[in-house]
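Following: one structure in C-alpha coordinates, then a few remarks.
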Amino acid sequence: MPVFDPILLKTFLAVAETGSFTRAAQRLEISQPTVSQHVRRLETQAGRVLVDRDTRQVRLTDNGDAMAGFARSILAAHAAADSYFNGKAMRGRLRFGAADDFTMTQLPRILRDFRTLHPQLNLELTVGQSGALLRRLQAGQLDLIFIKQTPGAGEGTKVTTDQMVWMGLDGIQLAPGEPVPLVSYQDPSISRQMAIDALEAVGRTWRITCNTREVNGVLSAVRAGLGVAVFPRTLIPGDLVKVSVRLGLPEIGEVDFVLIANPHAATEPVEALSSAIMGRTLVH
(Lines give C-alpha, C1' and ligand atoms only; values in the text may rest on other atoms or scores of the structure.)
Protein backbone atom coordinates (compact mmCIF):
# COMPACT_ATOMS: atom_id res chain seq x y z
CA MET A 1 0.00 0.00 0.00
CA PRO A 2 1.53 3.39 -1.00
CA VAL A 3 2.28 6.02 1.63
CA PHE A 4 1.40 9.36 0.11
CA ASP A 5 3.81 12.24 0.66
CA PRO A 6 1.99 15.17 2.38
CA ILE A 7 3.96 17.65 0.27
CA LEU A 8 2.66 16.07 -2.92
CA LEU A 9 -0.86 15.96 -1.50
CA LYS A 10 -0.71 19.65 -0.61
CA THR A 11 0.40 20.55 -4.14
CA PHE A 12 -2.27 18.34 -5.70
CA LEU A 13 -5.00 19.97 -3.56
CA ALA A 14 -3.82 23.42 -4.63
CA VAL A 15 -4.24 22.34 -8.27
CA ALA A 16 -7.65 20.80 -7.53
CA GLU A 17 -8.91 23.89 -5.73
CA THR A 18 -7.57 26.52 -8.13
CA GLY A 19 -8.13 24.55 -11.34
CA SER A 20 -4.74 25.71 -12.58
CA PHE A 21 -1.09 24.70 -12.28
CA THR A 22 -0.13 28.38 -12.51
CA ARG A 23 -2.44 29.54 -9.72
CA ALA A 24 -1.42 26.56 -7.58
CA ALA A 25 2.22 27.59 -7.98
CA GLN A 26 1.37 31.15 -6.98
CA ARG A 27 -0.55 29.98 -3.91
CA LEU A 28 2.26 27.69 -2.76
CA GLU A 29 5.02 30.10 -3.80
CA ILE A 30 6.85 27.48 -5.85
CA SER A 31 7.52 27.18 -9.57
CA GLN A 32 5.00 25.79 -12.03
CA PRO A 33 7.40 23.00 -13.15
CA THR A 34 7.64 21.94 -9.50
CA VAL A 35 3.84 21.77 -9.28
CA SER A 36 3.72 19.59 -12.41
CA GLN A 37 6.49 17.36 -11.03
CA HIS A 38 4.66 16.90 -7.71
CA VAL A 39 1.42 15.93 -9.45
CA ARG A 40 3.21 13.43 -11.70
CA ARG A 41 4.96 11.90 -8.68
CA LEU A 42 1.64 11.55 -6.86
CA GLU A 43 0.09 9.91 -9.92
CA THR A 44 3.02 7.48 -9.97
CA GLN A 45 2.51 6.68 -6.28
CA ALA A 46 -1.21 6.17 -6.82
CA GLY A 47 -0.81 4.27 -10.08
CA ARG A 48 -3.70 6.31 -11.51
CA VAL A 49 -4.21 9.39 -13.67
CA LEU A 50 -5.51 12.10 -11.34
CA VAL A 51 -5.66 15.15 -13.62
CA ASP A 52 -6.92 15.62 -17.17
CA ARG A 53 -4.83 18.29 -18.84
CA ASP A 54 -5.66 20.15 -22.06
CA THR A 55 -4.84 23.57 -23.46
CA ARG A 56 -7.91 25.25 -21.94
CA GLN A 57 -8.38 23.92 -18.44
CA VAL A 58 -7.35 21.42 -15.79
CA ARG A 59 -9.91 18.95 -14.47
CA LEU A 60 -9.73 16.10 -12.00
CA THR A 61 -10.48 12.57 -13.15
CA ASP A 62 -12.78 10.38 -11.06
CA ASN A 63 -9.66 9.04 -9.35
CA GLY A 64 -8.52 12.62 -8.84
CA ASP A 65 -11.81 13.50 -7.11
CA ALA A 66 -11.30 10.52 -4.81
CA MET A 67 -7.69 11.51 -4.12
CA ALA A 68 -8.76 15.07 -3.24
CA GLY A 69 -11.03 13.73 -0.53
CA PHE A 70 -8.32 11.47 0.87
CA ALA A 71 -5.76 14.28 0.67
CA ARG A 72 -7.88 16.62 2.76
CA SER A 73 -8.37 13.96 5.42
CA ILE A 74 -4.68 12.99 5.47
CA LEU A 75 -3.46 16.59 5.69
CA ALA A 76 -6.02 17.45 8.36
CA ALA A 77 -4.89 14.47 10.41
CA HIS A 78 -1.23 15.49 10.02
CA ALA A 79 -2.01 19.05 11.14
CA ALA A 80 -4.12 17.88 14.08
CA ALA A 81 -1.38 15.54 15.26
CA ASP A 82 1.24 18.27 14.92
CA SER A 83 -0.91 20.72 16.90
CA TYR A 84 -1.62 18.15 19.59
CA PHE A 85 1.95 17.03 20.18
CA ASN A 86 3.41 20.53 19.93
CA GLY A 87 0.90 22.02 22.35
CA LYS A 88 -0.49 24.34 19.66
CA ALA A 89 -4.05 23.02 19.52
CA MET A 90 -6.55 25.84 19.16
CA ARG A 91 -9.09 25.94 21.97
CA GLY A 92 -12.16 27.95 22.85
CA ARG A 93 -15.41 28.60 21.00
CA LEU A 94 -16.21 29.91 17.54
CA ARG A 95 -19.80 30.95 16.81
CA PHE A 96 -20.18 30.80 13.03
CA GLY A 97 -23.22 31.75 10.97
CA ALA A 98 -23.81 30.87 7.30
CA ALA A 99 -26.55 31.72 4.83
CA ASP A 100 -28.63 28.60 4.32
CA ASP A 101 -28.08 28.29 0.56
CA PHE A 102 -24.34 27.91 1.22
CA THR A 103 -25.16 24.43 2.53
CA MET A 104 -25.39 23.55 -1.18
CA THR A 105 -21.72 24.42 -1.72
CA GLN A 106 -18.48 22.89 -0.45
CA LEU A 107 -18.97 24.71 2.86
CA PRO A 108 -20.09 21.59 4.81
CA ARG A 109 -16.90 19.78 3.70
CA ILE A 110 -14.79 22.82 4.61
CA LEU A 111 -16.33 22.88 8.10
CA ARG A 112 -15.83 19.14 8.53
CA ASP A 113 -12.15 19.44 7.60
CA PHE A 114 -11.79 22.46 9.88
CA ARG A 115 -13.23 20.54 12.84
CA THR A 116 -10.85 17.65 12.13
CA LEU A 117 -7.95 20.08 12.05
CA HIS A 118 -9.02 21.82 15.29
CA PRO A 119 -10.74 19.15 17.40
CA GLN A 120 -10.41 21.10 20.64
CA LEU A 121 -12.15 24.18 19.25
CA ASN A 122 -15.90 24.23 19.87
CA LEU A 123 -17.46 25.25 16.54
CA GLU A 124 -21.10 26.35 16.87
CA LEU A 125 -22.97 26.69 13.57
CA THR A 126 -26.04 28.87 12.96
CA VAL A 127 -27.77 28.64 9.57
CA GLY A 128 -30.23 31.31 8.48
CA GLN A 129 -30.91 34.22 6.16
CA SER A 130 -28.18 36.78 5.54
CA GLY A 131 -29.97 39.73 7.13
CA ALA A 132 -30.80 37.87 10.31
CA LEU A 133 -27.23 36.61 10.65
CA LEU A 134 -25.85 40.13 10.23
CA ARG A 135 -28.12 41.41 12.98
CA ARG A 136 -26.97 38.63 15.29
CA LEU A 137 -23.34 39.43 14.57
CA GLN A 138 -23.94 43.10 15.33
CA ALA A 139 -25.63 42.10 18.59
CA GLY A 140 -22.52 40.15 19.60
CA GLN A 141 -24.19 36.74 19.29
CA LEU A 142 -21.90 35.46 16.50
CA ASP A 143 -18.16 35.69 15.88
CA LEU A 144 -18.03 35.23 12.11
CA ILE A 145 -20.69 35.08 9.39
CA PHE A 146 -20.66 34.03 5.74
CA ILE A 147 -23.51 35.75 3.92
CA LYS A 148 -24.73 37.21 0.64
CA GLN A 149 -24.50 40.96 0.19
CA THR A 150 -25.20 43.43 -2.58
CA PRO A 151 -21.98 44.55 -4.31
CA GLY A 152 -20.48 47.70 -2.85
CA ALA A 153 -22.08 47.29 0.56
CA GLY A 154 -18.59 47.67 1.93
CA GLU A 155 -18.71 45.25 4.85
CA GLY A 156 -16.46 42.27 5.36
CA THR A 157 -14.14 40.36 3.04
CA LYS A 158 -15.39 39.23 -0.36
CA VAL A 159 -14.89 35.54 -1.04
CA THR A 160 -16.47 35.45 -4.50
CA THR A 161 -19.18 37.04 -6.65
CA ASP A 162 -22.09 35.27 -8.32
CA GLN A 163 -24.74 36.25 -10.85
CA MET A 164 -28.33 36.19 -9.60
CA VAL A 165 -30.68 34.66 -12.18
CA TRP A 166 -34.26 33.48 -12.53
CA MET A 167 -34.55 29.78 -11.69
CA GLY A 168 -37.45 27.45 -12.52
CA LEU A 169 -38.56 24.12 -13.88
CA ASP A 170 -37.28 23.36 -17.37
CA GLY A 171 -40.78 23.34 -18.86
CA ILE A 172 -42.40 26.17 -16.90
CA GLN A 173 -44.44 28.69 -18.91
CA LEU A 174 -45.64 32.19 -18.07
CA ALA A 175 -48.90 33.38 -19.62
CA PRO A 176 -48.52 36.72 -21.47
CA GLY A 177 -49.70 39.64 -19.39
CA GLU A 178 -50.10 37.60 -16.22
CA PRO A 179 -48.22 38.55 -13.04
CA VAL A 180 -44.90 36.73 -12.58
CA PRO A 181 -45.40 34.00 -9.91
CA LEU A 182 -42.60 34.62 -7.45
CA VAL A 183 -41.20 32.10 -4.98
CA SER A 184 -39.31 34.03 -2.35
CA TYR A 185 -37.76 34.18 1.08
CA GLN A 186 -39.72 36.18 3.59
CA ASP A 187 -38.95 39.87 3.82
CA PRO A 188 -36.32 41.17 4.46
CA SER A 189 -34.38 39.24 1.82
CA ILE A 190 -31.73 40.29 -0.68
CA SER A 191 -32.97 37.96 -3.45
CA ARG A 192 -36.62 38.94 -2.84
CA GLN A 193 -35.82 42.65 -3.10
CA MET A 194 -33.65 42.14 -6.17
CA ALA A 195 -36.46 40.23 -7.88
CA ILE A 196 -39.11 42.84 -7.10
CA ASP A 197 -36.85 45.76 -8.07
CA ALA A 198 -35.97 44.13 -11.41
CA LEU A 199 -39.60 43.38 -12.29
CA GLU A 200 -40.88 46.80 -11.33
CA ALA A 201 -38.06 48.49 -13.24
CA VAL A 202 -39.44 47.04 -16.49
CA GLY A 203 -43.10 47.40 -15.55
CA ARG A 204 -43.79 43.70 -14.94
CA THR A 205 -46.44 42.81 -12.40
CA TRP A 206 -45.78 40.04 -9.87
CA ARG A 207 -47.39 38.03 -7.11
CA ILE A 208 -45.84 36.02 -4.28
CA THR A 209 -46.86 32.37 -4.60
CA CYS A 210 -44.66 31.08 -1.78
CA ASN A 211 -43.12 32.75 1.27
CA THR A 212 -40.47 30.71 3.04
CA ARG A 213 -37.59 31.12 5.50
CA GLU A 214 -35.40 28.30 4.17
CA VAL A 215 -33.67 27.40 0.92
CA ASN A 216 -35.37 23.98 0.94
CA GLY A 217 -38.72 25.77 0.91
CA VAL A 218 -37.67 27.82 -2.12
CA LEU A 219 -36.46 24.73 -3.98
CA SER A 220 -39.53 22.66 -3.09
CA ALA A 221 -41.91 25.37 -4.30
CA VAL A 222 -40.01 25.86 -7.57
CA ARG A 223 -39.90 22.09 -8.12
CA ALA A 224 -43.66 21.98 -7.54
CA GLY A 225 -44.13 24.50 -10.34
CA LEU A 226 -45.48 27.24 -8.08
CA GLY A 227 -43.34 29.87 -9.75
CA VAL A 228 -39.83 31.14 -10.38
CA ALA A 229 -37.20 32.33 -7.91
CA VAL A 230 -34.11 34.51 -8.00
CA PHE A 231 -31.10 32.38 -7.09
CA PRO A 232 -27.28 32.43 -7.37
CA ARG A 233 -26.41 30.94 -10.76
CA THR A 234 -23.71 28.56 -9.51
CA LEU A 235 -25.98 27.12 -6.81
CA ILE A 236 -28.87 26.05 -9.07
CA PRO A 237 -29.51 22.29 -8.53
CA GLY A 238 -29.26 19.94 -11.49
CA ASP A 239 -33.03 19.39 -11.76
CA LEU A 240 -33.76 23.12 -12.13
CA VAL A 241 -32.57 25.58 -14.78
CA LYS A 242 -31.96 29.23 -15.51
CA VAL A 243 -35.13 30.53 -17.20
CA SER A 244 -34.30 34.25 -17.47
CA VAL A 245 -33.95 34.41 -21.26
CA ARG A 246 -36.62 31.89 -22.23
CA LEU A 247 -39.28 33.61 -20.11
CA GLY A 248 -38.16 37.13 -21.02
CA LEU A 249 -37.44 38.09 -17.43
CA PRO A 250 -35.23 41.08 -16.60
CA GLU A 251 -31.58 40.87 -15.65
CA ILE A 252 -30.99 40.79 -11.91
CA GLY A 253 -27.37 41.66 -11.18
CA GLU A 254 -24.65 40.20 -9.02
CA VAL A 255 -24.31 39.35 -5.34
CA ASP A 256 -21.16 39.07 -3.24
CA PHE A 257 -20.45 36.19 -0.87
CA VAL A 258 -18.68 37.81 2.08
CA LEU A 259 -17.15 36.95 5.42
CA ILE A 260 -17.81 39.45 8.23
CA ALA A 261 -16.08 39.11 11.59
CA ASN A 262 -17.11 40.40 14.99
CA PRO A 263 -14.30 42.80 15.99
CA HIS A 264 -14.62 41.65 19.60
CA ALA A 265 -14.23 37.93 18.78
CA ALA A 266 -11.05 35.94 19.42
CA THR A 267 -8.80 36.63 16.45
CA GLU A 268 -7.08 33.26 15.97
CA PRO A 269 -10.13 31.01 15.36
CA VAL A 270 -11.86 33.65 13.23
CA GLU A 271 -8.79 34.03 11.02
CA ALA A 272 -8.30 30.25 10.81
CA LEU A 273 -11.84 29.58 9.57
CA SER A 274 -11.79 32.62 7.28
CA SER A 275 -8.57 31.32 5.69
CA ALA A 276 -10.07 27.84 5.28
CA ILE A 277 -13.07 29.28 3.40
CA MET A 278 -11.04 31.75 1.34
CA GLY A 279 -8.59 29.03 0.31
CA ARG A 280 -11.16 26.59 -1.06
CA THR A 281 -13.38 26.54 -4.13
CA LEU A 282 -16.99 26.76 -2.94
CA VAL A 283 -18.81 25.42 -5.97
CA HIS A 284 -18.82 21.65 -6.58
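The values are calculated or read from the model by the stated rules, or taken from the named source; none is laboratory data. Source: prediction; values computed, not measured. A quick note on method: Cβ atoms are made from the backbone with ideal geometry, for glycine too, and the neighbour counts reach across all protein chains shown. For accessibility, only protein heavy atoms count, side chains too; no ligands or nucleic acids. Shrake-Rupley method; radii C 1.70, N 1.55, O 1.52, S 1.80 Å.
Only one residue in 218, 230 is within 23 Å of the chain's Cα centre (by Cα) and assigned to a strand (DSSP E or B). Which one?
Going through 218, 230 in turn, the sole match is 230.
Restricting attention to the stretch 218-234, report how many residues are surrounded by fewer than 18 Cβ atoms within 10 Å (Cβ to Cβ) and within 24 Å of residue 161 (Cα to Cα).
Summing the residues that are surrounded by fewer than 18 Cβ atoms within 10 Å (Cβ to Cβ) and within 24 Å of residue 161 (Cα to Cα) in the stretch 218-234 gives 2.
Pairs, please: C-beta under 8 Å, at least 6 apart or cross-chain, first residue under 14 Å from residue 143 (Cβ atoms) and in the stretch 96-125, second assigned to a strand (DSSP E or B) and polar (S, T, N, Q)?
Qualifying pairs under 8 Å: 96/126; 97/126; 98/126.
Looking only at the stretch 118-128, decide whether some residue is crowded, with 21+ Cβ neighbours inside 10 Å and modelled with pLDDT under 85.
yes
Could you grab me the full set of residues in the stretch 173-205 that are closer than 24 Å to residue 102 by Cα, open to solvent by 40 Å² or more (accessible area, probe 1.4 Å) and hydrophobic (A, V, I, L, M, F, W, C)?
190
Could you tell me which of the residues 201, 195 is within 23 Å of residue 132 (Cβ to Cβ) and in contact (Cβ under 8 Å) with a residue 40 or more places away in the chain?
Every option except 195 fails the conditions.
Which of the residues belonging to the stretch 134-166 are farther than 12 Å from residue 98 by Cα and part of a strand (DSSP E or B)?
Passing the criteria: 149, 157, 158, 159, 160, 161, 162, 163, 164, 165, 166.
With the requirement that a residue be open to solvent by 20 Å² or more (accessible area, probe 1.4 Å), within 24 Å of residue 217 (Cα to Cα) and modelled with pLDDT of 90 or more, what does the stretch 129-147 give you?
Across the stretch 129-147, the qualifying residues are 134, 135, 136.
Hey, does the stretch 206-213 have a residue that's under 18 Å from residue 148 (Cβ atoms), in a loop (DSSP other than H, G, I, E, B) and open to solvent by 80 Å² or more (accessible area, probe 1.4 Å)?
Yes, some residue in the stretch 206-213 is under 18 Å from residue 148 (Cβ atoms), in a loop (DSSP other than H, G, I, E, B) and open to solvent by 80 Å² or more (accessible area, probe 1.4 Å).
Output the residue which, of all residues in the stretch 161-172 that are exposed (fewer than 14 other Cβ atoms within 10 Å of the Cβ) and in contact (Cβ under 8 Å) with a residue 60 or more places away in the chain, is farthest from residue 273 (Cα to Cα).
170
On the basis of being farther than 21 Å from residue 110 by Cβ, crowded, with 18+ Cβ neighbours inside 10 Å and of a type in the set (Val, Ile, Thr), does residue 258 make the cut?
For residue 258, the condition - farther than 21 Å from residue 110 by Cβ, crowded, with 18+ Cβ neighbours inside 10 Å and of a type in the set (Val, Ile, Thr) - is not met.
Please state which one of 198, 265, 272 is touching a Phe, Trp or Tyr at 6+ places or on another chain (Cβ under 8 Å) and either assigned to a helix (DSSP H, G or I) or modelled with pLDDT of 85 or more (or both).
The match here is 272.
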